[in-house]
1. Please work out if B:Ser56 is touching a helix residue (DSSP H, G or I) at 6+ places or on another chain (Cβ under 9 Å), facing another protein chain (nearest Cβ under 9 Å), among the small types (Gly, Ala, Ser) and in contact (Cβ under 8 Å) with a residue 60 or more places away in the chain.
2. Within the group A:Ser276, A:Ser262, which residue is modelled with pLDDT under 95, more than 24 Å from A:Ser178 (Cβ to Cβ) and in a helix (DSSP H, G or I)?
3. In the list A:Thr265, A:Thr297, A:Thr308, which residue meets the criterion of being polar (S, T, N, Q) and in contact (Cβ under 8 Å) with a residue 60 or more places away in the chain?
4. How many residues are closer than 12 Å to A:Ala222 by Cα and under 22 Å from the mean Cα position of the chain (by Cα) when one looks only at segment A:350-393?
5. Restricted to segment B:119-136, and to residues that are touching a Phe, Trp or Tyr at 6+ places or on another chain (Cβ under 6 Å) and more than 29 Å from A:Ser211 (Cβ to Cβ), which residue is surrounded by the fewest Cβ atoms within 10 Å (Cβ to Cβ)?
6. Somewhere in segment B:29-48, is a residue without any contact (Cβ under 8 Å) to a residue 60 or more places away in the chain, part of a loop (DSSP other than H, G, I, E, B) and within 9 Å of chain A (Cβ to nearest Cβ)?
Amino acid sequence: MVFSSISFLFFFLPLLFLVYFLAPKRFKNYVLLFFSLLFYFFGEKWYVILLITSCVINYLCGIFMERFNKKAFLVIGLFINLGLLFYYKYTNFFIGTFNDIFGFGIHTLSVVLPLGISFFTFQNISYLIDVYRGDVRAQRNLFLYSTYITLFPQLVAGPIVRYKDVNEELDKRDSSYSLFSSGVVRFVTGLGKKVLIADLFYSMGTSIMKSNMSFLSYLLVAISFTFQIYYDFSGYSDMAIGLGRMFGFNFKENFNYPLIASSVTDFWRRWHISLSSFFRDYVYIPLGGNRKGIFKTIRNIFLVWLLTGLWHGASWNFVFWGLYFFVLLIIEKFFLKKYLKGGIFSYFYTFVVILVSFVIFSITDLSQLFVFLKGLFCIGVTLVNYESLYYLDIYFVLIVVSLVGISPYFKEKLENLKKGKLNKVINVCEVLWVILVFVLSVTSLISSTFNPFIYFRF
Amino acid sequence: MKDKVITFLFVGILFIVGICLFVKGDKELSFYERRKLVTIDKVKSDFFGNLDDYMSDQFPFRDEVISFNSVTQRYLFRIKDKNDVYVVEDYLIEKNYPYNEKEVMSFIDKINYINSNYLRDSNVFYSVIPDKSYFLKDGYLKLDFDRLMAQLSKDVNIQYIDIFDSFVMEDYFKTDIHLKQDSYFKVMSVFDRYLNFGYRNLTYNKNVYENFYGASVGKVGSYVDSEDIMYFSNSFIDNAIVKHLEFGKRDVYDKDKLNDVDSYNLFLSGPSSLIEIVNENSGNNKELIIFRDSFASSFVPLLIPYYNKITMIDLRYIKMDLVPNYVDFKNKDVLFLYSSLILNSSSLLKVN
């Protein structure tokens, strides 16, 4: 089940509200656990057993780490978590690669990737390491631990919530109109970002890719990839954070206007923060970070970005995507750093390299990727053609609206105005805005299921 | 106060719409989408698999919601087409784009092949009907029609009957891709010049059905007004014997189809691989064989008075290899009559 679906909005969510807010306080976590498992079951059916098993194993590892041997049960826990992730996500990738390189005829496995496995595996790992380090005490209640892992707002697409960040809220959390309504605003904003903007960029990209391509077409498609991924993913994070607030949880921010970053280093401080901080805290720093000389620093950065690439998908383009950032970060660290201090060059450079990165991210076929990159650098294609100008005209408003949304400028202006005399007017406008975005999003969702059956007839 | 308003409004909307969805009766068929909707029975058989489809299909005021969304996309984001259909001054125009050289060349190869392998002893002609996108102005994606016609003129080894510039936008249905039947009157004399069927002014009864929605309505997802569909009859047409290879005898005008989701099927009952039309009152032995698409369905009835027999072959539904089992081409007039839509998607034609 996804948040941007009619059954989630008008069946799952109202039913959960009803049961959750009527339930006595001591049962609220059980309600959340039950509905989270139901949420997962909707999409993944019997993989819910895998999810429950994973919760039980990690819960036991946490307990056993405190009672018996910390290191042994950390290793066992990591082995099981990474083993499951490898089996479901990477086995076929590696079999395929071996077959390609060595000409083996090994059959691939018929496994379907369980939804959210990358997220809940990383949450389990962060918990085990935190318990190992003594940063948190192991959770004694299996149901509470399972509630943390399966909590539906962050279960399938993050953010990667660390146990130590929600530990207290699992035990005791407040609910108020203020928190709930801020959750609604955040959720609706995310829904709008996903449904009203990201999905249109998807249509834009696919339409243009079908046309005769010029440099401008390639550029527009690269823009559509970038904005689609940003609005889709950050929209989903907004929805997760918003839903968390409705049930009294305060998840950390996952995006901080990454598309206005002044360098790639800055970009990764702002993009998918929960993942980059996971790799920083659980891979980069334990390996020594930048404290053990240049060679080891480069090795550590390489490993982090290789893993970051692979985490995003079991495909070579994701590996290249990670390594692309590795190269850029090394160049920035040792050469470009002094030039990237926020001027026009910084922003332009960052936007261009990010644009290219999302092309690598989006095109899984390497030969197509090569053709696309050639086009994007205006090699062997015309600068503009009629079709690219047509699509620029059609999608101009969408691009402009989206550009407004990648900067905090207007949000900050609004916050300043709220402090002044216009507070009441802005509050009314905010309510109307939320309703408008929600209604438009729902109409768009319904419209996306518009499925005319017209046989080929002319 | 603001927080309470947002909270109650949001929760209220979720509950009210959710309850409405399950309380209101199910609608079984969507006229606009031309398909059956998911009903509660399917949810009962597989709750987790079908709930979302059910709730989306049975959403209160679904048609209006889709229509509203189409309009907002058109005016808010200036998205010009929906499902590849443009809305231009009440006309729904299906995009025929981009120019597909492979398909066009394949069309040329196919009709040249049929001509040289099956039609050596026949009088063969071809003609092309422009699709509605021919009339799109600048600012829309439109096929390079000049290139298309130049390619045909260069490579097709068959005599061409030029009706391409005979039509205007108003000759087409607003909500359907096809030409109105009366629009063909203006090209009858052009065809007569080549086919010599003896065109003359005949009297027709004009029949009008007032509530016609063409097939493009289902694609555009927004409300448009219905229009009239006219069909012309006289004693030749009424008494003609029409035999379909698949479903036997039918009338020229299949009036039952007027109430179908696709009322254009009024003309010769819609898609059919092979149709024989015999007019015993023609007073001559003229025969015409037409390789055609659905545009010809409304044109051919007007030819009935002039021929003893007309055979219509739609190669989308029958392989060319099989056609000689049913049709003798020797010494017959043969016309390839296709719209520019088929020329740009000719892989549909089952030749070779």
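The values are calculated or read from the model by the stated rules, or taken from the named source; none is laboratory data. Note that the coordinates shown come from a computational prediction; the quantities given were computed from them, not determined experimentally. With ideal geometry, Cβ positions are generated from the backbone for all residues, glycine too; neighbour counts draw on all protein chains shown.
1. So B:Ser56 fails the test.
2. Exactly one of A:Ser276, A:Ser262 is modelled with pLDDT under 95, more than 24 Å from A:Ser178 (Cβ to Cβ) and in a helix (DSSP H, G or I), namely A:Ser276.
3. Within the list A:Thr265, A:Thr297, A:Thr308, the selection yields A:Thr265.
4. 13
5. Top of the filtered list is B:Ser122.
6. no
Every residue, every condition in (1) at pLDDT 90 or above; (2) within 13 Å of another protein chain (Cβ to nearest Cβ), yes or no:
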site	(1), (2)
A:Val161	yes, no
A:Glu169	yes, no
A:Asp174	no, no
A:Ser182	yes, yes
A:Val185	yes, yes
A:Gly192	yes, yes
A:Val195	yes, yes
A:Met204	yes, yes
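Table: residues versus (1) farther than 19 Å from B:Gln58 by Cα; (2) more than 25 Å from the chain's Cα centre (by Cα); (3) more than 8 Å from every other protein chain (Cβ to nearest Cβ).
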residue	(1), (2), (3)
A:Phe10	no, no, no
A:Ala23	yes, yes, yes
A:Phe27	yes, yes, yes
A:Leu33	yes, no, yes
A:Glu44	yes, no, yes
